[in-house]
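The values are calculated or read from the model by the stated rules, or taken from the named source; none is laboratory data. In this text the structure is predicted, and so the values were computed from the model without any measurement. Cβ sites come from the backbone with ideal geometry, for glycine too, and all protein chains shown count toward neighbours. Accessible surface is based on the protein model in full, side chains and every heavy atom, while ligands, DNA and RNA are left aside. Shrake-Rupley method; radii C 1.70, N 1.55, O 1.52, S 1.80 Å.
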Amino acid sequence: MLDLFDTIAPADPPFEPLAEGAALLRGAALAFETEVLTALDEITLQAPFRHMVTPGGFTMSVAMTNCGEAGWVTDRTGYRYDPNDPNDPETGRPWPAMPSCFLDLAVHCASRAGYPAFRPDACLINRYEPGARLSLHQDRDERDFAKPIVSISLGLPAIFQFGGLKRDDPVKKFAMRHGDVAVWGGASRLCYHGVTALKEGVHDVLGRMRVNLTFRGAL
Ligand code: SIN
Ligand code: FE2
């Protein structure tokens, strides 16, 4: 049966406007793949993936870690980047520094999407195993919404949902594959977005998982 993954051919335009201020850059991370995957292994050795708990008490199906000056965390007390307690709560140490190849990738993609001044200070790293999902939400814990979000997909394909400024606005669905990038800022900065349950599969490079890097200007 044909599904959304079959509808996007390799010949898709490399730049696809998604909404005002938002774009998909197909394959834009591929040129950085080797360096980024090596750096990712180093980060997760220092700051392992963990399943955080939401303020409502649910354990997230997506496992997370961070690199950069600030890390996004959630626990029973809330969602936040905590400037007063910037360390990884699991290790008590600062989050690993943002590798230069991560920074180069984020800056390159932001610039291609129309945000040449973007310099991220935080990168949330999400790991999805089959069945993991992220329900519709806004990224609103960052200080300055003038800065865009740059989101890199690696590994197994996923369905990315992109809606409007209200939770019940219509949602468009996009298949995001290894190396694809989404950028949203400007009028789209607070758009609701999410990822449907990851389908079972084994990726050539990453195996049975999808990894997503989201670069933010948090502080
Ligand atoms: C996120 O919203 O933080 C992650 C989106 C994704 O995994 O593509
Ligand atoms: Fe998000």
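Please tell me if residue 34 is surrounded by fewer than 14 Cβ atoms within 10 Å (Cβ to Cβ) and among the polar types (S, T, N, Q). Criteria met by residue 34. The residues of the range 192-219 that are among the small types (Gly, Ala, Ser), outside any loop (DSSP other than H, G, I, E, B) and within 15 Å of ligand 1 (Cβ to nearest atom) amount to a single one, 194.
Please enumerate the residues belonging to the range 19-44 that are over 23 Å from residue 171 (Cα atoms) and of a type in the set (D, E, K, R). 33, 35, 41, 42 - these are the residues of the range 19-44 that are over 23 Å from residue 171 (Cα atoms) and of a type in the set (D, E, K, R).
Filter the range 153-168 down to the residues that are part of a loop (DSSP other than H, G, I, E, B), within 19 Å of residue 19 (Cα to Cα) and open to solvent by less than 30 Å² (accessible area, probe 1.4 Å) and list them by number.
Within the range 153-168, 163, 164 meet the criteria.
I'd like to check which strands (runs of 3 or more DSSP E) are fully inside the range 28-81 and have at least 1 residues that are hydrophobic (A, V, I, L, M, F, W, C).
63-68, 72-75
A search for C-beta distances below 9 Å between a residue of the range 35-47 that is more than 14 Å from residue 179 (Cα to Cα) and of a type in the set (Val, Ile, Thr) and any residue that is open to solvent by 10 Å² or more (accessible area, probe 1.4 Å) and part of a helix (DSSP H, G or I), counting only pairs 6+ apart in sequence or on different chains, returns 38/101.
The residues listed here are 127, 140, 133, 93; of these, the one that is within 13 Å of ligand 1 (Cβ to nearest atom), at pLDDT 95 or above and more than 25 Å from residue 19 (Cβ to Cβ) is 127.
Taken over the range 175-201, the residue count meeting the criterion of being open to solvent by 30 Å² or more (accessible area, probe 1.4 Å) and over 20 Å from residue 64 (Cα atoms) is 3.
This table checks each residue for (1) more than 19 Å from residue 24 (Cα to Cα); (2) modelled with pLDDT under 95; (3) within 14 Å of ligand 2 (Cβ to nearest atom); (4) of a type in the set (D, E, K, R).
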| position | (1), (2), (3), (4) |
| --- | --- |
| 183 | no, no, yes, no |
| 190 | no, no, yes, no |
| 197 | yes, no, no, no |
| 207 | yes, no, no, no |
| 218 | yes, no, yes, no |
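The requirement of being exposed (fewer than 15 other Cβ atoms within 10 Å of the Cβ), within 16 Å of ligand 2 (Cβ to nearest atom) and not small (Gly, Ala, Ser) is fulfilled nowhere in the range 115-128; no residue meets it.
Every test in (1) of a type in the set (A, V, I, L, M); (2) open to solvent by 10 Å² or more (accessible area, probe 1.4 Å); (3) in contact (Cβ under 8 Å) with a residue 40 or more places away in the chain is passed by residue 171 save one, and that test is (3). Scanning the range 82-107 for residues that are in a helix (DSSP H, G or I) and exposed (fewer than 15 other Cβ atoms within 10 Å of the Cβ) gives 100, 104. For the range 56-76, how many residues are open to solvent by 40 Å² or more (accessible area, probe 1.4 Å) and either modelled with pLDDT under 95 or not polar (S, T, N, Q) (or both)? Adding up the residues that qualify gives 5. For the range 117-152, residues that are out of contact with any strand residue (DSSP E or B) (no Cβ under 6 Å at 6 or more places or on another chain), under 17 Å from residue 188 (Cβ atoms), part of a loop (DSSP other than H, G, I, E, B) and not small (Gly, Ala, Ser) total 6.
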